[in-house]
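Where a number appears in this text, it was derived from the coordinates with a stated rule and is not lab data. Source: prediction; values computed, not measured. Positions of Cβ are generated from backbone atoms using ideal geometry, with glycine treated the same way; all protein chains shown enter the neighbour counts.
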């Protein structure tokens, strides 16, 4: 007595020889520890920045450095002047915790990312005269140029 019903479980097993294996793999990859790991890997590759664009312009009076930092808070930005260079650093610290329904800690994860770009200007920088502003994801640093003393050239006559 054979069954020709379309929903017969015996017939479905023959049509889907890897069905149980695929279901097991699907359950495995959606289980919490593996899902968390895969999610972390995905988040790593979706970071808002791996580097950031920096532009340098020069006028007669100053150097103007711009850095595009969308999504970054002012508190995450650090500027350091050393001799003839300025370094722009961005730090991102994130702490994630996961709790069960009883508020017991299941998992805690911390991540710290830091990126920096250094611009060399070829002349000493007076850090007291550097001005920086940050608005709408754009950092602008203005560094006055140092003025040299003009030397008159004598003619031998």
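For the range 54-144, pairs of C-alpha atoms spaced more than 19 angstrom apart make up 50 percent of the total. Each peptide among 102-113, 131-142, 63-74 gets the average number of other Cβ atoms lying within 10 Å of its residues, and from highest to lowest they stand as 63-74, 131-142, 102-113. Contact order, relative form, for the range 84-147: 32 percent (alpha carbon pairs under 8 Å, 6 or more residues apart, mean separation divided by residue count). Global dimensions of the range 46-101 from alpha-carbon coordinates: Rg and Dmax equal 16.4, 64 Å.
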